[in-house]
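Asks: Below are the structure tokens for one structure; questions will follow.
The values are calculated or read from the model by the stated rules, or taken from the named source; none is laboratory data. Remember, it's a predicted structure, so these values are computed and weren't measured experimentally. Here Cβ is always computed from backbone atoms with ideal geometry, including for glycine, and neighbour counts include all displayed protein chains. Side chains included, ligands, DNA and RNA excluded: accessible areas come from the protein's heavy atoms. Shrake-Rupley method; radii C 1.70, N 1.55, O 1.52, S 1.80 Å.
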Amino acid sequence: MSVAGWANAEVEDPGRREIGKLDVRVFHATDAKPAVDGTPADGTLVKRFQSEKRLRFKHYRVLGRDVQPLFQSYENWAQPLKPSNEILVRFEAQGHPTANSAVVDLELWISRKKTVKTDATLRGGRPLFVLGPEWRGGRLIISVALADRSDKVAK
């Protein structure tokens, strides 16, 4: 192979190997009549919210979702309210995930300010819920979960 051919050959970076996906969703929760557009949350999710005292509200709306790859050793960002960058979630794998769990370094950014930083163990089928700030007569709830590998990565 010539030097020119070698320079054009793709070199795979093992750090950019996709080892999973994260599913980030934003919900609006309120006890009053919802003042925002959005799809009502499904019954299973409502029951899960209701099981947590701090997450109990009468109405829940899905405002946005983003599914992004979890790389072996690079950070990535989810932007669930596209095209707005009002809510961003930065995440990076810590160690090697199994088929059903992953330890990730998470940061929640709201209005360009880091509001939460934590290491979290995410398990399949068990999202991490973060009670966000008051917003338009209710509260935001941010959900971070391991995504089913068949979920498409948002562009």
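Asks: Near residue 82, which aspartates and glutamates are there with a Cα under 13 Å away, not counting those fewer than 8 places off in the same chain?
Replies: Within the straight-line cut-off, residue 82 pairs with 66.
Asks: For each pair in 21/113; 58/113; 21/47, compute the distance between the two Cα atoms and list the pairs where it is over 27 Å.
Replies: From the list (21/113; 58/113; 21/47), the Cα-Cα distance tops 27 Å for 58/113.
Asks: Could you pull the Cα extents of the chain along its three principal axes, largest to smallest, in whole Å?
Replies: 69, 30, 27
Asks: So, one more: Using only the alpha-carbon atoms, what does segment 109-149 span along each of its principal axes? Please give whole angstrom values in decreasing order.
Replies: Principal extents (largest minus smallest coordinate, Cα): 33, 21, 15 Å.
Asks: Nearest 20 debye, what's the magnitude of the dipole of the chain about its Cα centre given +1 on Lys and Arg Cβ and -1 on Asp and Glu Cβ? Could you put the intermediate results ahead of the total?
Replies: On the way: 26 positive and 19 negative charges, 173 e Å.
Dipole size: approximately 820 debye.
Asks: On to the next question. Please report the net charge: other residues with Cβ closer than 15 Å to the Cβ of residue 35, K and R +1, D and E -1.
Replies: Counting the neighbours of residue 35, the net charge comes to +2.
Asks: Roughly what percent of Cα-Cα pairs across segment 28-71 reach past 12 Å?
Replies: Numbers: 598 of 946 pairs.
Roughly 63 percent, rounded to a whole number.
Asks: Given 25 °C and 0.890 mPa s, how large is the Stokes-Einstein diffusion coefficient of segment 54-103 in µm²/s, with Rh as the Kirkwood radius over Cα pairs?
Replies: Numbers: Rh = 13.2 Å.
Calculated translational D: 187 µm²/s.
Asks: Probe radius 1.4 Å, ligands and nucleic acids ignored: give me the carbon and sulfur share of the accessible area of the chain as a rounded percent.
Replies: On the way: 4760 of 9570 Å².
Carbon-and-sulfur percentage of accessible area, whole number: 50.
Asks: Next up: Which of the aspartates and glutamates could a cross-linker span from residue 53 if the Cα-Cα distance has to be under 14 Å and same-chain partners fewer than 8 positions apart are dropped?
Replies: 31
Asks: Which one, 106, 57, 69, is farthest towards the positive end of the dipole of segment 40-126 when Lys and Arg carry +1 and Asp and Glu -1 on their Cβ?
Replies: Positive-end residue among those listed: 57.
Asks: Give the shape of segment 43-133 as rounded, prolate or oblate, defined through the alpha-carbon gyration tensor: a ≥ b ≥ c are the square roots of its eigenvalues, a/c under 1.5 means rounded, and otherwise the shape is prolate if a/b is larger than b/c and oblate if not. Write down the numbers at each step before the final one.
Replies: Details: a/c = 1.87, a/b = 1.26, b/c = 1.48.
In terms of gyration-tensor shape, oblate.
Asks: Same structure, new question: Name the residue, out of 117, 21, 53, whose mean-square fluctuation peaks in a Gaussian network model built on the chain with Cα pairs under 10 Å.
Replies: Sorting by GNM fluctuation, first place goes to 53.
Asks: Could you report the chain's accessible area per residue, 1.4 Å probe, as an integer in Å²? Intermediate values should be presented prior to the final figure.
Replies: Values: 9570 Å² over 155 residues.
Here the residues of the chain average 62 Å² of exposed surface.
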